[in-house]
Amino acid sequence: MKKSFTLVELIFVIVIIGILAAVAIPKFTGLTSNTKISSELATASTIQSAIEDVHSEWIMSEGEFSWGNQETTNCSDGDTSNDGDFNCSSGYPILGDCNTNKPFGFILKNSSTVNAKWECKDNNDGTYFYKGPASTKNSGVNPSSDTNGKPDCSDYWIYDIKTGTFTLKDVADQTCTDVNEL
């Protein structure tokens, strides 16, 4: 006699698998959004640390010094102008080139992966707007679950070269924006 499962046993196993799937799938729905948010917050923290490191080098130097991604600056004798990619009056660097899609090319040593996921806009007033993996318009996090301090596609980062601050602008708007719309 051949042993096999009966139809009732097969249906019972299928029902159990369905119940397990119904419980497990909701646990993974926010995983991509949480990963983008964590990545963006970690990158922003790294950028702020790098800005502070460069500023410390500027304070300690007496003129020419090296910083970031093999950049050199000469801020000797009270120079208050910009020396290439550096603001000598405030002691803070320009993070990168928005025109060539390398928003952090000057400050992060291995910035190619980060540059591919971030957008930037130079406001030509000493401030720059940035949007990262969680805050980009097309692939960012849905703003319906807006949490203060966590980026979504309606939020953006502001870098002020005069104060050296890289901060999240948490916008309560429910529409996703492109960095060029800011």
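Mind checking which residues of the stretch 89-117 are among the basic types (Lys, Arg) and farther than 15 Å from ILE51 by Cα? Full working, then the answer.
Within the stretch 89-117, the subset among the basic types (Lys, Arg) is 102, 109, 117.
Once the filter is applied, which keeps residues that are among the basic types (Lys, Arg) and farther than 15 Å from ILE51 by Cα, the stretch 89-117 yields LYS102, LYS117.
I'd like to check something: does the stretch 141-155 contain any residue that is more than 18 Å from SER38 (Cα to Cα) and crowded, with 18+ Cβ neighbours inside 10 Å?
So far as the stretch 141-155 goes, no, none of its residues is more than 18 Å from SER38 (Cα to Cα) and crowded, with 18+ Cβ neighbours inside 10 Å.
How many residues are touching a residue at least 60 places away in the same chain (Cβ under 8 Å) and farther than 17 Å from CYS120 by Cβ if we restrict to the stretch 37-58?
Looking only at that region, the number is 4.
Kindly indicate whether any position in the stretch 81-91 is part of a strand (DSSP E or B), out of contact with any Gly (no Cβ under 8 Å at 6 or more places or on another chain) and either free of Cβ contacts under 8 Å to residues at least 12 places away in the same chain or not small (Gly, Ala, Ser) (or both).
Yes, the stretch 81-91 contains at least one residue that is part of a strand (DSSP E or B), out of contact with any Gly (no Cβ under 8 Å at 6 or more places or on another chain) and either free of Cβ contacts under 8 Å to residues at least 12 places away in the same chain or not small (Gly, Ala, Ser) (or both).
For residues that are in contact with a strand residue (DSSP E or B) (Cβ under 7 Å, 6 or more places away or on another chain) and farther than 11 Å from LEU95 by Cβ, tally how many sit in the stretch 37-55.
2
Picking from ILE161, ILE107, which residue would you name as being surrounded by 20 or more Cβ atoms within 10 Å (Cβ to Cβ), more than 16 Å from the chain's Cα centre (by Cα) and at pLDDT 85 or above?
Being surrounded by 20 or more Cβ atoms within 10 Å (Cβ to Cβ), more than 16 Å from the chain's Cα centre (by Cα) and at pLDDT 85 or above holds for just one of ILE161, ILE107, which is ILE161.
Just need a number here: residues in the stretch 94-135 that are in contact with a strand residue (DSSP E or B) (Cβ under 9 Å, 6 or more places away or on another chain), within 25 Å of THR163 (Cα to Cα) and of a type outside the set (Asp, Glu).
26
The values are calculated or read from the model by the stated rules, or taken from the named source; none is laboratory data. These numbers come from a predicted model, not from an experiment. Neighbour counts run over all protein chains shown; Cβ positions are idealised from the backbone, glycine included.
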